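Each remark here refers to the structure printed beneath this line.
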Amino acid sequence: SQQGEEDPQALSIQEGENATMNCSYKTSINNLQWYRQNSGRGLVHLILIRSNEREKHSGRLRVTLDTSKKSSSLLITASRAADTASYFCATATDSWGKLQFGAGTQVVVTP
Amino acid sequence: GAVVSQHPSWVICKSGTSVKIECRSLDFQATTMFWYRQFPKQSLMLMATSNEGSKATYEQGVEKDKFLINHASLTLSTLTVTSAHPEDSSFYICSAGVGGTGREKLFFGSGTQLSVL
């Protein structure tokens, strides 16, 4: 069963704009991860945030985690056409790799 | 980063036949691998956890006799879809983790698109 719910389901922006997507989950977690998937391809790990962390940065990515609200957000700044993909949050209840994925947000960045 | 190779990328088969999908960790050892399936425009659903040298652990609702998993070595796990039917058509993805206390950060194969006619 899915653990996470993401919104929006789809997001269309222009190059240079920021893209923000949110993820909510239901149970306590060990960590939350964000992945990216290009159409018909495998997933690429973007960033991992642990339950005792509140914010993390990686390049143009910024992830926040609010465990009291059981939610996370992913911000992509200064988006590029190459950022067009589906983005998934995934939660882990332990450190042993079993992940439950959210429904995903489909992002389209137009030049 | 670590590389997970999945093969084949796509396969078309007739209803009733069996299909084997391989997942290999190329530059690291993976005692545990995970198998997911994904329907178009939907999320990944965890099917099973593949453990090297022991039986796989299946998620609720996944038929273990339908989806046979073998993790015979530290670098190879296989998923066999037995007696495939059109409803088994889906995108199957494997993953394996490295580092830390467990396998927190997962690396994914490129996926296998299965079409059953």
List the trypsin sites (Lys or Arg not before Pro) within region A:9-78 that DSSP assigns to loop and that have no more than 12 neighbouring Cβ atoms inside 10 Å. A:Arg54, A:Lys69
Using the charge dipole of region B:6-63 (Lys, Arg: +1 at Cβ; Asp, Glu: -1 at Cβ; taken about the Cα centre), state which of B:Cys13, B:Leu44, B:Thr32 has its Cα farthest towards the positive end. B:Cys13
Using a simple spin-label model with points 7 Å from Cα along the Cα→Cβ vector, what separation in nm is obtained for B:Leu74 and B:Gln29? 0.1
Rg and Dmax [Cα atoms of the protein assembly as shown; Å; Rg one decimal, Dmax integer]: 17.5, 50
With chain A treated as a Gaussian network of Cα nodes joined by springs under 10 Å, which of A:Ser12, A:Ser73, A:Ser86 yields the largest mean-square fluctuation? A:Ser12
Compute a Gaussian network model of chain B, connecting alpha carbons closer than 10 Å, and tell me which residue from B:Gln60, B:Gln42, B:Gln29 fluctuates the most. B:Gln42
Taking the Cα centroid of region A:1-51 and of region A:74-111, what is the distance between the two, rounded to the nearest whole Å? 3
Using 7 Å Cα-to-Cβ label points, what is the A:Arg50/A:Thr20 separation (nm, one decimal)? 2.7
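Between A:Arg60 and B:Thr57, how high is the FRET efficiency from 1/(1 + (r/R0)^6) when r is the Cβ-Cβ distance and R₀ = 30 Å? Nearest 0.05. Working shown, then result.
Details: r = 37 Å, r/R0 = 1.24.
Taking R0 as 30 Å, the efficiency between A:Arg60 and B:Thr57 is 0.20.
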Amide H neighbours of B:Ser89 at under 5 Å, excluding residues fewer than 5 places away on the same chain, with H built from the backbone geometry, are B:Val116
What ³J(HN,Hα) values, in whole Hz, does the Karplus curve 6.51 cos²θ - 1.76 cosθ + 1.60 give for region A:15-30 when θ = phi - 60°, with x put for Gly and Pro? 3, x, 7, 8, 10, 10, 9, 10, 9, 10, 9, 10, 10, 5, 10, 8
Using each residue's phi in region A:53-67, evaluate 6.51 cos²θ - 1.76 cosθ + 1.60 at θ = phi - 60° and report the 3J(HN,Hα) Karplus result to the nearest Hz, with x for Gly and Pro. 10, 10, 8, 8, 10, 8, x, 8, 9, 9, 10, 10, 9, 10, 6
Output needed: Cys residues of the protein assembly as shown lacking any neighbouring Cys C-beta below 4.7 Å, sorted by number. B:Cys13
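Just check region A:54-111 against the gyration tensor rule for me: Cα atoms, a ≥ b ≥ c as the square roots of the eigenvalues, rounded for a/c under 1.5, and otherwise prolate or oblate depending on whether a/b exceeds b/c. Could the numbers behind the result be given before it?
Values: a/c = 2.28, a/b = 1.63, b/c = 1.40.
Prolate is the answer for region A:54-111, as a/c is 1.5 or above and a/b outweighs b/c.
What chymotrypsin sites (Phe, Trp or Tyr not before Pro) in region B:1-100 are in a loop by DSSP, with at most 16 other Cβ atoms within 10 Å of the Cβ? Please report the intermediate quantities before stating the final value.
Values: sites: B:Trp10, B:Phe28, B:Phe34, B:Trp35, B:Tyr36, B:Tyr58, B:Phe67, B:Phe91, B:Tyr92; in loops: B:Phe28.
Answer in residue order: B:Phe28.
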Checked against a 30 Å limit on the C-alpha separation, the offending pairs among A:Lys98/B:Lys66; B:Lys41/B:Lys64; A:Lys98/B:Lys14 are A:Lys98/B:Lys14
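Every number here is computed from the coordinates shown, using simple stated rules; none is lab data. Just so we're clear, the structure is a prediction, and the values are computed from it rather than from any experiment. Virtual Cβ from ideal backbone geometry, glycine too; neighbours counted across all protein chains shown.
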